[in-house]
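Right, one structure below, let's go through it.
The values are calculated or read from the model by the stated rules, or taken from the named source; none is laboratory data. What you see is a predicted model; the values in this text were computed from it and never measured. Glycine also receives a Cβ, built like all others from the backbone with ideal geometry; neighbour counts cover every protein chain displayed.
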Amino acid sequence: MDWAKTGVPQVKRWRFPYFPGEDPVEDMPCLEDIKKAIAPIEDPEFTAPVNIGLPAPIRPKERLKKAKVLKDARKRELEKEASSRKLVVPLEGIFEDWIRDDGLEQIRQITKHYGLFKDLFDEYAYFYSRVPLEVSYDDGDTCSGVYFGNIIKPREAAQKPHITYPADPDSLWTVMFVNPDGNLVQEDSECLHWLVSNIPGNDISAGDEYCSYLPPFPPKGFGFQRLTFVLFKQSHKLDLSNLTKDTTTVLSERTFKCSEFYRTYEEILTPASLVFYQSDWDRSVTNVFHTVLNMKEPKFEYDWEKPYLPPQEMYPFHKYFPEYLDLYRDKKEIAKEILQEKLKKVDPFRRPEEEFPYPDTMRIPGDVPTWKKFEMHKERRKEGKYGDREIDS
């Protein structure tokens, strides 16, 4: 490749051997320069982020905001009240100020950081949560709110949540509860947990429930999953009869693609808000798989690679040969051998032998080989292969 045509700085031809003071790599192009030169040029018209939701909020000028903060900080009355612990801070006012100043932008950045815009809509799509969406679970003992990535256990989300948001009674809304990580049947798709459309105002019970509520079921060993609530504002009534999911026992019928759903009804639906929480496995998930989904509970485990073992030597030099031989033996055979030795000392009609608190103080006969002494010490201390299994007599 001709690097001169790509815009990468050319490398000087240096003499060899180099004279003192000459650096042969001083003007050589670094890896980042080469990547930038050969990378395809992206058209900003197609790669620029697009706001698919309500209009972006008008953010106040940062300069005026900082000036106001500095002016309030200079007030000695506030300083005196704060030092004497008499200053009352209205939390509701702080939250409103945060939302009005920079809160919506920070919420958008959090949502982007967790990859929800990319996984649910499109790589270049985003929107602001202009409508405050409040979602909370109440199981009788605890009340857990859904915010922006907090952790809620599946047992706390077993029942339908309570949802509220400010809305005009004549307006129509759609609430979607979807899991981009929970589809166990088809990759690159989501699992639809709940879908209610044509909601008049904020009365969820008066809307059309096209998909009944399904509790979260993160499998054991999978890790955390992102359970997401999306609020859409409707321009007029929506007919989703083709998406009706009457059953919760067939997981394949819960397969859902949020991006395709939005493209189909893009002229009617406008994303207005988004909140989400993270959830991982607990014991209640087993009950969901067995009683609700009527299927065997899956478990995820990491498939570890077998450790590398070099070819066995005929005469290993400076190696403790019992441990060296155990490396090339079957683990089940070693466990069986140890178990048989322990069973020889177990008698159902006698009390088990008392263990000495200081086993290393017990004398070992002098005619015992050195390697056998080491094995006896390890067995007494319950180290290595001797400490993995216990026999209850």
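Worth a mention:
- Test: residue in the stretch 304-315 that is surrounded by 10 or more Cβ atoms within 10 Å (Cβ to Cβ) and either free of Cβ contacts under 8 Å to residues at least 12 places away in the same chain or more than 37 Å from the chain's Cα centre (by Cα) (or both): yes
- Condition broken by Lys385, with the remaining ones in (1) closer than 30 Å to Pro310 by Cβ; (2) exposed (fewer than 13 other Cβ atoms within 10 Å of the Cβ) satisfied: (2)
- Answer from Ala157, Ala167, Ala206 - the residue that is of a type outside the set (Asp, Glu), assigned by TED's automatic domain parsing to the domain that holds Leu274 and within 25 Å of Phe300 (Cα to Cα): Ala157
- Qualifying residue in the stretch 163-171 (condition: touching a Ser or Thr at 6+ places or on another chain (Cβ under 8 Å), in a loop (DSSP other than H, G, I, E, B) and modelled with pLDDT under 95): no
- The stretch 356-393 - residue that is modelled with pLDDT of 80 or more and either touching a Cys at 6+ places or on another chain (Cβ under 9 Å) or of a type in the set (Gly, Ala, Ser) (or both) and, of those, farthest from Leu339 (Cα to Cα): Gly366
- Filter pass, Leu339 being under 30 Å from Asp239 (Cβ atoms), surrounded by 10 or more Cβ atoms within 10 Å (Cβ to Cβ) and out of contact with any Asp or Glu (no Cβ under 6 Å at 6 or more places or on another chain): no
- Remark: Phe222 falls outside the filter, which requires a residue to be touching a helix residue (DSSP H, G or I) at 6+ places or on another chain (Cβ under 8 Å), within 25 Å of Phe121 (Cβ to Cβ), in contact (Cβ under 8 Å) with a residue 12 or more places away in the chain and outside any helix (DSSP H, G or I).
- Here the condition is being surrounded by 15 or more Cβ atoms within 10 Å (Cβ to Cβ), modelled with pLDDT of 95 or more and among the β-branched types (Val, Ile, Thr); of Thr228, Thr248, it holds for Thr228 alone.
- Figure legend. Inter-residue proximity from the stretch 183-210: first residues over 21 Å from Leu293 (Cβ atoms), second residues among the basic types (Lys, Arg), beta-carbon distance below 7 Å, spacing 6+ or different chains. Indicated pairs: Asn198/Lys237.
- Condition met for Leu214 (under 15 Å from Thr174 (Cβ atoms), assigned to a loop (DSSP other than H, G, I, E, B) and either of a type in the set (Lys, Arg) or in contact (Cβ under 8 Å) with a residue 40 or more places away in the chain (or both)): no
- Put simply, of Tyr324, Tyr277, Tyr328 the only residue that is part of a loop (DSSP other than H, G, I, E, B) and at pLDDT 85 or above is Tyr328.
- Yes/no for Glu266 being among the charged types (D, E, K, R) and either in a loop (DSSP other than H, G, I, E, B) or at positive phi (or both): yes
- Test: residue in the stretch 181-192 that is crowded, with 21+ Cβ neighbours inside 10 Å and closer than 26 Å to Arg130 by Cβ: yes
- The helices (runs of 4 or more DSSP H) found entirely in the stretch 35-112 that carry 3 or more residues being surrounded by 10 or more Cβ atoms within 10 Å (Cβ to Cβ) and modelled with pLDDT under 75 are 62-73.
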